[in-house]
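Undergrad: First the structure, which I've put down as structure tokens, then a few questions once you've had a look.
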């Protein structure tokens, strides 16, 4: 029996081994990345998690988390973080969607050139860009000088050092993260859909809301999610342009370590921020079908 | 479904240039009310540009398009009220089948109850009853095709445009859909303009065919006129698989290699002429010469068996090549031998002479 089956299935074992070997080779290609993820993400996060349960006396304690619940300061910090992140995201959408739409309708060559102007800030240092905004926005900066010179306003506007400055700087830095996935999705929308819609009797505005906008949603939600999540943990820009008036979670973490040498408190904040971010990603993956977002429009 | 009132289309002097290329070169075309007219031409001939000009997606440089008595050349697409089937169907992927078909009705503010019945009716017409709740991605190519059709006719347009709607289907389904589309046209009666590069499709479906090349209508006629009496060499070459023999002006008529050619029809102009030989009109001649027949001699180079027919490639001593299609019965196949001499005949009534125009095929 076994002899006949071996005879009627020539090379079966060798072919199976060959397939197995191919899969292992493929896996080994991913191993450097896998290893570094374990080393620089999983182990430190686990360490952070452990630290967050260590109290001032060095023993196990929930005091770091208790402080967050009790203290009004912490509630305010979380509220500020969400407010700044949400506002930045909304402004990014308001600016980015029309821009991405405009780019997607341009001929390829022109679109590439315009895309460069979107990407150019991307290649400049974050710190440089933030200080540049400071120069532009401060009391006797570019905008206030010109505004007063031209007689548009009399007193210098409070642009830097506060919510306004923080938002301006953050929108500028985050916008490409929204525009890129949005543009990518819009490019894959077949122009024939819009033609079909017009042919069936829809005005251009109706066509946009009934056909183009729904089809661009995967890109919009991807961009929105990326921007919002990045904003939650943002540090440099609010630290510099906020002038100490806009305190976000990441800045409180830094304060805890640099001013109070309290690693436990900082770790607990980090854990909560991480958990919040993961919760948002989890919920949106349920609502928005994350595989669709990450895998493009199709 | 109520019978749609159809409209004639009058196209006059439509011209569209892209740089120095004439996509459409002064096209005049009168389409009768309720007619099925096909624009046939190779890719880049301008046939799709013309269709897009009718739908309002291409703005011509100048010219006039009238639906009935109404000039529509300046009307935006969404006010033209013509049905259109796109090459890739262009069904909205974020809507169900029913929502796709209901789309033009909603825009026309039809009541909810009526939308429901009309969508179901349209689905019945294209034999997809009960498919309303499906998603577009769940449909096969043939089903998408039918939904696209249903969406194009559900608002009873008086004119329907189709841009190579069957090109993405496999051959069997395509053949089937050709007959079905044509039946539906006869049933609904709207004026239909159909674009294709497939000559057989055009011959199968059309009342009339406009053969288009380089932005010009090269011939307008019924399928039979186009096939049997091509107006010029381009049309003769594009439709069917013809062999061509150059003709010379003889003493009493046109000759080929010194032998006078008997022909049903000879164009009267001073251009050089060619003889058009359709493969299926040639027949082998053994023994005595039949009356009113042109004879050609040659050597069989190759015989290709195709099941329902055999193609016989014949080399003439002059270097010209003839192709004959013949039946595949045993007797015929046995009488044909590779590398043997053969004489083939072409009846006078099947002999067509065309002028060699400036654009040879």
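Each reported figure results from applying straightforward, stated rules to the coordinates on display, with no laboratory input. As the structure is a prediction and not an experimental result, all values here were calculated from the model. Cβ: placed from backbone, ideal geometry, glycine included. Neighbour counts: every protein chain shown.
Undergrad: Say we join alpha carbon atoms closer than 10 Å with springs in a Gaussian network model of chain A; which of A:168, A:93, A:136 then has the biggest fluctuation?
TA: Answer for the Gaussian network model of chain A: A:136.
Undergrad: What is the stretch B:241-355's relative contact order, in percent, from Cα pairs under 8 angstrom and six or more apart in sequence?
TA: Relative contact order of the stretch B:241-355: 35 percent.
Undergrad: Å³ per residue of the Cα convex hull, for the stretch A:79-167?
TA: Hull volume over Cα atoms, normalised by residue count, gives 135 Å³.
Undergrad: When Cβ neighbours within 10 Å are restricted to other protein chains, what is their mean count per residue of peptide B:253-259? Mind dumping the intermediate values first?
TA: Working: counts 0, 0, 0, 0, 0, 0, 0.
Across the residues of B:253-259, the mean count of other-chain Cβ atoms within 10 Å is 0.
Undergrad: How many nm is it between the label spots at residue A:205 and residue B:69, if each spot is 7 Å from the Cα in line with the beta carbon?
TA: Spacing of the two 7 Å Cα→Cβ label points: 3.3 nm.
Undergrad: If we sort B:122-132, B:31-41, A:230-240, B:143-153 on the protection proxy, mean other Cβ atoms within 10 Å, highest first, what's the order?
TA: On the way: B:122-132: 17.5, B:31-41: 22.5, A:230-240: 20.8, B:143-153: 24.3.
Per-residue mean Cβ counts within 10 Å order the peptides as B:143-153, B:31-41, A:230-240, B:122-132.
Undergrad: When N counts the residues of the protein assembly as shown, how does its alpha-carbon radius of gyration compare numerically with 2.2 N^0.38 Å, as a ratio?
TA: 1.42
Undergrad: For residue B:124 and residue B:280, calculate 0.36 nm times their separation in residues minus their Cα-Cα distance, and state this gained length in nm to one decimal.
TA: Values: separation 156, 0.36 × 156 = 56.16 nm, distance 4.05 nm.
Fully extending the segment from residue B:124 to residue B:280 adds 52.1 nm.
Undergrad: In addition: Considering all projection directions equally, how large on average is the shadow of the alpha-carbon convex hull of the stretch A:71-294, in square nanometres?
TA: If you wrap the Cα atoms of the stretch A:71-294 in a convex hull and average its projections, you get 16.0 nm².
Undergrad: What does the average come to when, for each residue of peptide A:204-213, you count the partner chain Cβ atoms lying within 10 Å of its Cβ?
TA: Values: counts 3, 0, 3, 3, 0, 0, 6, 6, 0, 1.
Going residue by residue through A:204-213 and averaging, the value is 2.
Undergrad: Below 8 Å between Cα atoms, with a sequence gap of 6+, how large is the relative contact order for chain B in percent?
TA: 17 percent
Undergrad: Once the stretch A:1-51 is represented by equal point scatterers at the alpha-carbon sites, with solvent omitted, what log10 I(q)/I(0) does the Debye formula produce at q = 0.32 Å⁻¹?
TA: Scattering profile of the stretch A:1-51, log10 relative to I(0): -1.04.
Undergrad: Going by a ≥ b ≥ c, the root eigenvalues of the Cα gyration tensor, does the stretch B:32-191 fall in the rounded group (a/c under 1.5), the prolate group (a/b larger than b/c) or the oblate group? Don't jump to the answer; show the numbers that get you there.
TA: Numbers: a/c = 1.72, a/b = 1.27, b/c = 1.35.
It comes out oblate by the Cα gyration axes.
Undergrad: Additional query: List A:261, B:238, B:92 from most exposed to least, where exposure is judged by having the fewest other Cβ atoms within 10 Å. Write down the numbers at each step before the final one.
TA: Working: A:261 9, B:238 22, B:92 19.
Fewest-to-most ranking of A:261, B:238, B:92: A:261, B:92, B:238.
Undergrad: Between A:138, A:210, A:252, where does the largest GNM mean-square fluctuation fall for chain A, given springs only between Cα atoms within less than 10 Å?
TA: Of the options given, A:210 has the highest mean-square fluctuation.
Undergrad: Which residue, A:58, A:184, A:96, has the most motion in a Gaussian network model of chain A that connects Cα atoms within less than 10 Å?
TA: Ranking A:58, A:184, A:96 by mean-square fluctuation puts A:58 first.
Undergrad: Multiply the residue separation of residue B:117 and residue B:225 by 0.36 nm, subtract the distance between their alpha-carbon atoms, and state the gained length in nm to one decimal. Can you show the working numbers first?
TA: On the way: separation 108, 0.36 × 108 = 38.88 nm, distance 4.28 nm.
Here the answer is 34.6 nm.
Undergrad: What nm value, rounded to one decimal, do you get for the distance between residue A:191 and residue B:316 when each label is placed 7 Å out toward the C-beta?
TA: It is 4.8 nm.
Undergrad: Need one value for B:101-108: mean number of C-beta atoms belonging to other chains within 10 Å of its residues' C-beta atoms.
TA: Other-chain Cβ atoms within 10 Å of each residue's Cβ, averaged: 4.
Undergrad: To the nearest 500 deg cm²/dmol, what mean residue ellipticity at 222 nm is calculated for chain A from DSSP H runs of n ≥ 4 alone, each contributing -39,500 (n - 2.57), summed and divided by the residues?
TA: -24000 deg cm²/dmol
Undergrad: Extent of chain B along each principal axis, from alpha carbon coordinates, in Å, largest to smallest?
TA: 76, 48, 34
Undergrad: Let's test the formula: R0 of 41 Å, r as the Cβ-Cβ distance of residue A:90 and residue A:39. What FRET efficiency results, to the nearest 0.05?
TA: 0.65
Undergrad: With each run of n ≥ 4 DSSP H residues scored as -39500 (n - 2.57), what mean residue ellipticity at 222 nm is computed for chain B after dividing by its residue count and rounding to the nearest 500 deg cm²/dmol?
TA: Helix contribution divided over all residues of chain B: -7500 deg cm²/dmol.
Undergrad: Distance in nm between label sites at residue B:297 and residue A:19, each 7 Å beyond Cα in the beta-carbon direction?
TA: With each label placed 7 Å out from Cα toward Cβ, I get 6.6 nm.
Undergrad: What are the radius of gyration and Dmax of the stretch B:241-355, computed over its Cα atoms and given in Å?
TA: Radius of gyration, then largest Cα-Cα span, for the stretch B:241-355: 14.4, 46 Å.
Undergrad: How high is the relative contact order of chain A, in percent, with contacts defined as C-alpha pairs under 8 Å that are six or more residues apart?
TA: After rounding, I find 24 percent.
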